[in-house]
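Structure first, commentary second.
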Amino acid sequence: MKIEGFQYRRVPGADGVELNVAVGGSGTPVVLLHGFPQTHLMWRRVAGQLASDHTLICPDLRGYGDSAKPDGGYSKRAMAADVVAVARELGYSRFGLVGHDRGALVAFRAGLDHPEAVSHLMCLDVLPTLDMWEVMHGTSAAVGFHLYLMAQPAGLPEKMIAAASDEFFGYFLDLWAKDPAAIPPEVRSVYLEASRRAVPSIVADYRASATIDVSHDTEDLAQGNKLRMPVTVIQQDWGATLGFDAAARWKAWATDLHHQTTTAGHFMAEEAPDEISTTIRELLKR
């Protein structure tokens with residue numbers, strides 16, 4: 001299944017890791033990064049709306065979808081380097097960057113590591129990795145059980161998830177969607193099949209967020225590194241539910257921040273594409 005009207009290419013990322021990339025539209029470039037447990041296909045409706053004004057670059061992250069799945073290299077720093085390399089290979093040294101969920105963590109890291117390349121940054125429904133771990137405590141942390149499962153040493157998590165992969169990944173598609181119709185059966189099937197083929201690399205991505213990614217965020221925080229480009233964050237209001245101030249957390253990282261909440265579910269690019277497309281356009285005007 002493909003985004004209608006988009007062309008597909010195999011494009012080398014960092015260290016020659018090949019990514020599956022959908023490219024379409026015309027105009028100033030915007031890179032769209034998907035989340036878990038999805039592929040670039042999650043952007044099908046938003047990308048279609050933005051294509052009249054922008055060139056949309058929609059890769060499968062390394063380890064996901066039809067992109068290469070190396071044995072290692074799943075720090076968000078490595079994955080962010082993929083994004084910059086792919087955009088450069090396509091002829092763009094500077095671009096707007098929008099990420100959802102796991103893709104938002106990659107986008108966040110790209111903004112810190114490659115400010116010369118990222119002109120505008122949008123993150124959907126995440127906190128920076130370091131903040132995510134800091135706010136998860138007590139019984140409320142049970143909502144993030146998958147974070148703790150996939151943080152464990154290699155071996156057991158992969159075996160457990162592979163033994164019931166459709167049930168595991170489908171659980172999150174069901175739990176996190178306020179509007180299940182936004183992910184129709186044919187799209188759900190694509191997500192489940194892609195995730196089924198990528199259990200080790202998906203776990204490696206999450207494991208990195210409990211190890212090397214925390215170290216990188218800690219180093220940046222200590223050095224006072226911040227996102228200097230215009231930043232927009234859209235989240236569900238789970239800060240109120242879990243007892244933290246999401247906007248304040250983000251303000252510690254961004255010098256030019258617009259933070260807003262949405263009534264859509266976690267899969268907001270599919271559940272509320274008009275809202276997300278409009279907000280992206282507003283960000284790119286700042």
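Data table
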{"quantity": "Close pairs (8 angstrom Cβ cut-off, 6 or more residues apart or separate chains): aromatic (F, W, Y) in the stretch 1-25, in a loop (DSSP other than H, G, I, E, B) anywhere", "calculated": "Y8/K2"}
{"quantity": "All positions within the stretch 234-250 that are charged (D, E, K, R) and either touching a His at 6+ places or on another chain (Cβ under 8 Å) or not in a helix (DSSP H, G or I) (or both)", "calculated": "D237, D245"}
{"quantity": "Failed item in (1) in contact with a strand residue (DSSP E or B) (Cβ under 6 Å, 6 or more places away or on another chain); (2) over 25 Å from P273 (Cβ atoms), with F145 passing the rest", "calculated": "(1)"}
{"quantity": "Members of the stretch 125-160 that are open to solvent by less than 30 Å² (accessible area, probe 1.4 Å), modelled with pLDDT under 95 and not aliphatic (A, V, I, L, M)", "calculated": "G144"}
{"quantity": "The one condition in (1) of a type in the set (A, V, I, L, M); (2) touching an Asp or Glu at 6+ places or on another chain (Cβ under 9 Å); (3) under 23 Å from D274 (Cα atoms) that A107 fails to fulfil", "calculated": "(2)"}
{"quantity": "Pairs with Cβ under 9 Å, 6+ apart, first in the stretch 198-226 and open to solvent by 40 Å² or more (accessible area, probe 1.4 Å), second aromatic (F, W, Y) and not in a helix (DSSP H, G or I)", "calculated": "R207/Y74; I212/Y74; L221/W253; N225/W253; K226/W253"}
{"quantity": "One residue from E275, E282 being open to solvent by less than 70 Å² (accessible area, probe 1.4 Å) and farther than 19 Å from L105 by Cβ", "calculated": "E275"}
{"quantity": "Residues being touching a Pro at 6+ places or on another chain (Cβ under 9 Å) and either closer than 21 Å to P70 by Cα or open to solvent by 30 Å² or more (accessible area, probe 1.4 Å) (or both) - total across the stretch 31-55", "calculated": "7"}
{"quantity": "Residue identified as in contact with a Leu (Cβ under 7 Å, 6 or more places away or on another chain), among the hydrophobic types (A, V, I, L, M, F, W, C) and more than 15 Å from C123 (Cα to Cα) among V199, V203, V187", "calculated": "V187"}
{"quantity": "Qualifying residue in the stretch 58-67 (condition: at pLDDT 95 or above and either open to solvent by 30 Å² or more (accessible area, probe 1.4 Å) or assigned to a helix (DSSP H, G or I) (or both))", "calculated": "yes"}
{"quantity": "Count of residues meeting criterion [open to solvent by less than 40 Å² (accessible area, probe 1.4 Å) and polar (S, T, N, Q)] in the stretch 4-30", "calculated": "1"}
{"quantity": "Members of the stretch 77-124 found to be among the charged types (D, E, K, R) and surrounded by fewer than 23 Cβ atoms within 10 Å (Cβ to Cβ), listed by number", "calculated": "R77, R88, E89, R94, D113, E116"}
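The values are calculated or read from the model by the stated rules, or taken from the named source; none is laboratory data. Here the structure is a predicted model, which means the values were calculated and not measured. Note: ideal-geometry Cβ built from the backbone for every residue, glycine included; neighbour counts use all protein chains shown. What goes into the accessible areas is simple: the full protein's heavy atoms, side chains included, and nothing from ligands, DNA or RNA. Shrake-Rupley method; radii C 1.70, N 1.55, O 1.52, S 1.80 Å.
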